[in-house]
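Chemist: Have a look at the structure that comes next, please.
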Amino acid sequence: MLIAAQPFPFEFDLAHSALVIIDMQRDFIEPGGFGESLGNNVALLEAIVPACQAVLHAWRDAGGLVVHTREAHAADLSDCPPAKRLRGNPALRIGDVGPMGRILVAGEPGNQIIPALSPVAGEIVIDKPGKGAFYATGLHESLQQNGISHLVFMGVTTEVCVQTSMREANDRGYDSLLLEDCTESYFPHFKAATVEMLRAQGGIIGWTATSAPLLAALTPSRR
Ligand code: C5J
């Protein structure tokens, strides 16, 4: 498949590609989680859910591999460096009890992927202690076992976990595409800058595109 993208068209073969959905968990999208504890307006992120859902359904229907990530720490916080927990002066720190359970802790209500994008059987779900999806997760090994060389990214937040994951993917040899209307930041100017910098210099980290050409390529009736 070849789709319109920047800085030039993105070519991929579905059998060797994965859709990677970064951290679409209640902690970031709904009030009462980690995002809000840092002082952010979480309503901004909710707006991308319908676009993400359309891509997820089309990708699933076409038979592509799906990876979901969650930023999640063990209950004893043994995988949360003190620097991450203690930095700044948040209303609630990682591990503290908030309105949706313990902040950014695996298994807590706030740590679940939002219902609109819930994983189904056969999809890979990765709990990641870092911002990047490859750090301390085994994601690279999983992708290699599945013969994956190309990644299509969506999720939040654009300049933190999405960008970090795309950079990690690039260093591991993957070709990556970011779907611009399926990613968001609490800071719109950070999103805009990230989209530009990822595809600058001839695609130094990868490609960006809107979801429309991908949906058209995945869904024969739209072509
Ligand atoms: C943040 C993320 N922003 N998923 N996490 O702390 O981008």
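Chemist: Using only the alpha-carbon atoms, how far is helix 49-62 inclined from the longest principal axis of the chain? Give it as 0 to 90 degrees, nearest 10.
Modeler: Between helix and principal axis, roughly 50 degrees.
Chemist: PRE reach from SER149 (point 7 Å along Cα→Cβ): which of the stretch 177-220 fall under 16 Å by backbone N?
Modeler: Only 177 pass the distance filter.
Chemist: Enumerate by residue number the trypsin sites (Lys or Arg not before Pro) in the stretch 77-157 meeting two conditions: DSSP loop (anything except H, G, I, E, B), and at most 14 other Cβ atoms within 10 Å of the site's Cβ. Write down the numbers at each step before the final one.
Modeler: On the way: sites: LYS84, ARG85, ARG87, ARG93, ARG102, LYS131; in loops: ARG87, ARG93, LYS131.
Passing sites in the stretch 77-157 are ARG87.
Chemist: On to the next question. Hey, what does the equivalent ellipsoid look like for the chain, semi-axes from the Cα gyration tensor as sqrt of 5 times each eigenvalue, largest first, whole Å? Working shown, then result.
Modeler: Details: eigenvalues 159, 62, 58 Å².
They are 28, 18, 17 Å, listed from largest to smallest.
Chemist: Given the stretch 143-204, report the % of alpha carbon pairs whose separation exceeds 12 Å. The partial results should precede the final answer.
Modeler: Details: 1241 of 1891 pairs.
Counting pairs separated by more than 12 Å, the tail of P(r) holds 66 percent.
Chemist: Of the candidates ALA192, ALA72, ALA133, which one comes out as most mobile in a Gaussian network treatment of the chain with C-alpha springs shorter than 10 Å?
Modeler: Its mean-square fluctuation being the largest, the pick is ALA192.
Chemist: Ok, one more. Classify the stretch 69-147: rounded, prolate or oblate, from the alpha-carbon gyration tensor (a ≥ b ≥ c, eigenvalue square roots; a/c under 1.5 rounded; otherwise prolate if a/b is larger than b/c)? The partial results should precede the final answer.
Modeler: Values: a/c = 2.80, a/b = 1.48, b/c = 1.89.
Oblate.
Chemist: Turning to a different aspect of this structure: Write down the accessible area per residue of the chain in Å², having rolled a 1.4 Å probe over the full set of protein chains. List each step's numbers first, then the result.
Modeler: On the way: 9430 Å² over 223 residues.
Normalised by residue count, the accessible surface of the chain is 42 Å².
Chemist: For the ranges 123-130, 158-165, what's the packing order if you count other beta-carbon atoms within 10 Å of each residue, average per peptide, and put the highest first?
Modeler: The most tightly packed comes first, giving 158-165, 123-130.
Chemist: Over the chain, what percent of the accessible surface lies on carbon and sulfur atoms, probe 1.4 Å?
Modeler: Working: 5140 of 9430 Å².
Percent of accessible area from carbon and sulfur atoms in the chain: 54.
The values are calculated or read from the model by the stated rules, or taken from the named source; none is laboratory data. Keep in mind that what you see is a predicted model, and the values were worked out from it rather than measured. Note that we place each Cβ from the backbone using ideal geometry, even for glycine, and neighbour counts take in every protein chain shown. Accessible surface is based on the protein model in full, side chains and every heavy atom, while ligands, DNA and RNA are left aside. Shrake-Rupley method; radii C 1.70, N 1.55, O 1.52, S 1.80 Å.
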